[in-house]
1. Across the range 104-125, which residue is farthest from G85 (Cα to Cα) among those that are of a type in the set (A, V, I, L, M) and either open to solvent by 10 Å² or more (accessible area, probe 1.4 Å) or not in a helix (DSSP H, G or I) (or both)?
2. Look at N173 and say whether it is part of a loop (DSSP other than H, G, I, E, B) and modelled with pLDDT under 95.
3. Could you list all residues from the range 82-103 that are open to solvent by 10 Å² or more (accessible area, probe 1.4 Å) and closer than 14 Å to V128 by Cβ?
4. The conditions are (1) at pLDDT below 95; (2) out of contact with any helix residue (DSSP H, G or I) (no Cβ under 9 Å at 6 or more places or on another chain), and N158 fails exactly one of them. Which is it?
5. Among the residues of the range 158-178, what is the count of those that are of a type outside the set (K, R) and in contact with a Gly (Cβ under 9 Å, 6 or more places away or on another chain)?
6. How about the range 101-129: which of its residues are touching a strand residue (DSSP E or B) at 6+ places or on another chain (Cβ under 8 Å) and more than 13 Å from L148 (Cβ to Cβ)?
7. Given the conditions (1) open to solvent by 50 Å² or more (accessible area, probe 1.4 Å); (2) more than 27 Å from A49 (Cβ to Cβ); (3) in a helix (DSSP H, G or I), which single one is not true for G146?
Amino acid sequence: MLVLCFSITVAKSNYLVLCFSIIVAKSNLQVAKNRKKCDALNALKTNLADPNNVLQSWDATLVNPCTWFHVTCNSENSVTRVDLGNANLSGQLVSQLGQLTNLQYLELYSNNISGKVPEELGNLTNLVSLDLYLNNLNGPIPTTLGKLSKLRFLRLNNNSLMGEIPRSLTNVNSLQVL
């Protein structure tokens, strides 16, 4: 957003004073937010092997990831959905995913993703669906997922997760499928 302000004053002595200022702070803020989203998704791409090139449009040099395939954004260019189910991806999830605070759907089911479920996914307070089933995830289910008050679908089945289901998930009243 570019704002131009002009002030013209004509006094008795017929002189003209022109005040010109440009404010670009809001524009710079939006670019910084988009860069953070782009960086989070690029970190995921970097950690995943992609033999079928489903992530080929994920260009880290672009400021706005809303143009990438398998990424959906709202009208404010916030990432709301990542759809990478059944994409033959392998590798590990990254903690940076927790920076996508407007994310509502994280669909990474039926891949070969291994490692732990990042605790930072508990920062995704707008998440409605977390589908990580049919992967090779291990370790415990993070207790931080209990902070996801809008979560309706949590699918973690067919992994190698260990331990108990965290009690914190009983606080998620919206949860319909576990």
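The values are calculated or read from the model by the stated rules, or taken from the named source; none is laboratory data. Quick caveat, the model's predicted, so the values are computed rather than measured. We place every Cβ from the backbone using ideal geometry, glycine too, and count neighbours over all the protein chains shown. Accessible surface is based on the protein model in full, side chains and every heavy atom, while ligands, DNA and RNA are left aside. Shrake-Rupley method; radii C 1.70, N 1.55, O 1.52, S 1.80 Å.
1. Once the filter is applied, the top-ranked residue is L124.
2. Spelling it out, N173 is indeed part of a loop (DSSP other than H, G, I, E, B) and modelled with pLDDT under 95.
3. Within the range 82-103, D83, T101, N102 qualify.
4. With respect to (1) at pLDDT below 95; (2) out of contact with any helix residue (DSSP H, G or I) (no Cβ under 9 Å at 6 or more places or on another chain), N158 is out only on (1).
5. First, the residues of the range 158-178 that are of a type outside the set (K, R): 158-166, 168-178.
Those still in the list that are in contact with a Gly (Cβ under 9 Å, 6 or more places away or on another chain) too: 160-163, 166, 168-172.
Of the residues in that region, 10 qualify.
6. N102, E107, L108, Y109, N111, N112, I113, S114, G115, K116
7. (1)
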